[in-house]
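K.L.:
Sharing a structure here in structure tokens format.
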Amino acid sequence: MKPLDLLSRRSVRKYTEEPVEDAMIQIALEAAMAAPSARHCDPWHFIVVKEQAGRDALADALPYGQMLREAPAGIIVCGDINVAHRSELSYLLQDVAAAIENLLLSLELQGLGAVWLGIHPNEDRIQAVKTAFNLPDNIIPVSAIALGHPAEFPEARTRYDATKVHNGTW
Ligand SMILES: Cc1cc2nc3c(=O)[nH]c(=O)nc-3n(C[C@H](O)[C@H](O)[C@H](O)COP(=O)(O)O)c2cc1C
């Protein structure tokens, strides 16, 4: 595993044909479920999609997720509204977003490439994913991730912007 340099985490949308070991996905899922969560509610669920038919179904639902057709794996990250703190969508989204970032960082640490693919709040994408993957009513698909061994290597770079930092007050 390489040292974690947060500036080197970039979206990777091209992958080699080498399969991703289940053990690597398992490590990433453990990292995801170590994310901060309001009131420790852990409302997240993860659907690991490796079969071509499943990845194609996910790509059909996600107009900007076409790389899923070639990626060795995809993960749909969902939240359970009944389990989220106060059953509030905002808490669900914050918790699940934290889990997704942990997942991405774990994949990066393991030398894999990945990209975050938005689902929520696009109603058409939500409905398409719910139908294709048999989600119960209380489960909200928030985002998906495409992942694999990288076939492109975007440069590390900073997006630091001093105008977005406010000292003491706005
Ligand atoms: C909520 C969210 C939705 C995103 N949806 C997509 C997407 O549908 N397709 C895609 O290729 N990238 C998607 N991205 C990735 C962003 O385009 C990417 O993170 C951004 O351009 C910054 O580039 P970097 O990840 O290489 O630093 C999404 C990112 C976020 C946080």
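The values are calculated or read from the model by the stated rules, or taken from the named source; none is laboratory data. Since this is a predicted model, take the numbers as computed values, not measurements. Here the Cβ is made from the backbone with ideal geometry for all residues, glycine too, and neighbour counts use every protein chain on show. Please note that ligands, DNA and RNA were not included when accessible areas were found on the heavy atoms of the full protein model with its side chains. Shrake-Rupley method; radii C 1.70, N 1.55, O 1.52, S 1.80 Å.
K.L.:
Looking for whichever is closer than 28 Å to E21 by Cα and out of contact with any Asp or Glu (no Cβ under 6 Å at 6 or more places or on another chain) here; the options are Q127, Q110, Q94. Which one fits?
P.N.:
Q110
K.L.:
Now for a separate question. With respect to S37, is the statement that it is modelled with pLDDT under 95, of a type in the set (S, T, N, Q), open to solvent by less than 40 Å² (accessible area, probe 1.4 Å) and at negative phi true?
P.N.:
no
K.L.:
Restricting attention to the range 54-71, report how many residues are assigned to a loop (DSSP other than H, G, I, E, B) and crowded, with 18+ Cβ neighbours inside 10 Å.
P.N.:
Residues in the range 54-71 being assigned to a loop (DSSP other than H, G, I, E, B) and crowded, with 18+ Cβ neighbours inside 10 Å: 3 in total.
K.L.:
Could you check M24 against (1) away from the ligand (no atom under 16 Å from the Cβ); (2) open to solvent by less than 90 Å² (accessible area, probe 1.4 Å); (3) free of Cβ contacts under 8 Å to residues at least 60 places away in the same chain and say which number it fails?
P.N.:
Here M24 meets the rest and fails (3).
K.L.:
If the requirement is being more than 30 Å from D161 (Cα to Cα) and within 16 Å of the ligand (Cβ to nearest atom), which of these qualifies: R86, R69, R13?
P.N.:
After ruling out the rest, the residue left standing is R69.
K.L.:
Within the range 123-140, can one find any residue that is of a type in the set (A, V, I, L, M, F, W, C), out of contact with any strand residue (DSSP E or B) (no Cβ under 9 Å at 6 or more places or on another chain) and within 10 Å of the ligand (Cβ to nearest atom)?
P.N.:
no
K.L.:
Moving on to the next point. Against the definition (open to solvent by less than 70 Å² (accessible area, probe 1.4 Å) and more than 16 Å from the ligand (Cβ to nearest atom)), how does I75 come out, yes or no?
P.N.:
no
K.L.:
Right, another one. I'd like the residue in the range 141-170 that is aliphatic (A, V, I, L, M) and surrounded by 10 or more Cβ atoms within 10 Å (Cβ to Cβ) and, out of all such residues, is farthest from the ligand (Cβ to nearest atom).
P.N.:
Residue satisfying both the conditions and the ranking: A151.
K.L.:
I've got another one for you. Residue check: is I100 in contact with a Phe, Trp or Tyr (Cβ under 8 Å, 6 or more places away or on another chain), surrounded by 15 or more Cβ atoms within 10 Å (Cβ to Cβ) and of a type in the set (A, V, I, L, M, F, W, C)?
P.N.:
Criteria met by I100.
K.L.:
Continuing with this model, one more query. Kindly provide the set of residues from the range 82-97 that are crowded, with 16+ Cβ neighbours inside 10 Å and part of a loop (DSSP other than H, G, I, E, B), ordered by number.
P.N.:
Hits for the range 82-97 are V83, A84.
K.L.:
Being among the aliphatic types (A, V, I, L, M), assigned to a strand (DSSP E or B) and either in contact (Cβ under 8 Å) with a residue 12 or more places away in the chain or surrounded by fewer than 17 Cβ atoms within 10 Å (Cβ to Cβ) (or both) is the requirement here; does L105 meet it?
P.N.:
No; evaluated as a whole, the condition is false for this residue.
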